[in-house]
Amino acid sequence: MTSRAWGSSLPFVAPGAQRRIAGLLAAMIGGCSTDTPRNTVALSAHYQPQSFIISIDRPAERALLHQPSRPAGPLGNGLEPLVKAMRSAVTRHGGDGLSAVQLGVPIRVVVLLREDDAHRTHHQVLVDPSIEARSPRRIGSWERCLSVPWGYRHTERSAEVTVHFRDLTGQWHEERISGSAAVVLQHELDHLDGLLLSDGLERQDFVPEAAIARVAGAAEEACREAGTAHCSPFMEAAWQTWRSAPQPSAPAH
């Protein structure tokens with residue numbers, strides 16, 4: 001997931017080019033028959049993580065992304081190769097979070113970029129995470145998804161969440177996460193439920209990379225002129241203005 005949360009300094013970047021792999025449909029969908037193994041070790045062995053982040057622009061991959069992910073269940077060494085692949089992929093693409101389904105493995109595992117008090121970063125692993133509470137205060141963001149390579153859209157998400165999850169040893173934790181990390185976590189948990197940033201929208205509803213600085217800048221200027229710290233309404237207005245404006249049509253071939 002990539003996002004630009006208002007007032008934050010998130011180092012979010014656009015996804016890189018994604019490679020096609022022959023036989024992806026057989027590799028991912030072939031395991032969805034009634035005899036698909038249910039436990040973590042078998043699932044991790046059966047669904048081999050892809051070497052690229054799957055995209056809604058390819059029908060088989062879009063279908064998988066819209067499937068709710070299964071609980072990881074009993075933990076074992078079977079998760080280690082998957083987590084290693086997830087950490088590698090999110091680092092390679094400069095993202096701040098990734099769900100297992102984005103590598104073609106539909107189980108409830110997330111990696112989330114975190115920063116400690118010394119400003120050192122690491123990728124936290126959350127197994128079978130669930131949000132137990134959300135704050136009423138919300139954050140406006142320019143959000144982008146590594147699996148939706150269409151650009152940016154405006155979102156509002158809770159500024160703080162309480163999440164319940166297991167680590168790789170099987171131990172349960174409950175943690176309160178706030179700010180940009182909370183935005184990213186909510187995005188990734190949407191993935192686990194088969195919800196996408198593009199749901200209900202078309203490609204033309206997203207602000208492309210070439211235009212996001214201009215659109216975000218207009219929202220920032222309007223917010224500054226209004227003399228308020230609550231800038232999300234101005235972000236929403238800038239996004240809706242973009243969506244309603246006629247976009248240049250693609251050149252004929």
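Read-outs: derived from the displayed coordinates by stated rules, not from any lab. Please read these numbers as outputs of a predicted model, since none were measured by experiment. Here the Cβ positions follow ideal geometry from the backbone for every residue, glycine too, while neighbour counts run over all protein chains shown.
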Per the filter on the stretch 77-125, residues among the polar types (S, T, N, Q), surrounded by 20 or more Cβ atoms within 10 Å (Cβ to Cβ) and in a helix (DSSP H, G or I) are Gln102
Can you tell me which of (1) part of a helix (DSSP H, G or I); (2) acidic (Asp, Glu); (3) under 17 Å from the mean Cα position of the chain (by Cα) is the one Glu221 doesn't meet? (3)
Within the stretch 204-222, tally of residues that are free of Cβ contacts under 8 Å to residues at least 12 places away in the same chain and closer than 18 Å to Ile139 by Cβ: 0
If you check Thr121, Thr155, which single one turns out to be farther than 12 Å from Gln186 by Cα and hydroxyl-bearing (Ser, Thr, Tyr)? Thr121
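Conditions (1) over 14 Å from the mean Cα position of the chain (by Cα); (2) closer than 18 Å to Phe52 by Cα, marked per residue:
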| site | (1), (2) |
| --- | --- |
| Leu82 | yes, yes |
| Ala89 | no, yes |
| Gln102 | no, yes |
| Val105 | yes, yes |
| Arg134 | yes, no |
| Arg144 | no, yes |
| Trp150 | no, yes |
Looking at the stretch 224-242, is at least one residue farther than 24 Å from Leu65 by Cβ, surrounded by 12 or more Cβ atoms within 10 Å (Cβ to Cβ), polar (S, T, N, Q) and touching a strand residue (DSSP E or B) at 6+ places or on another chain (Cβ under 7 Å)? yes
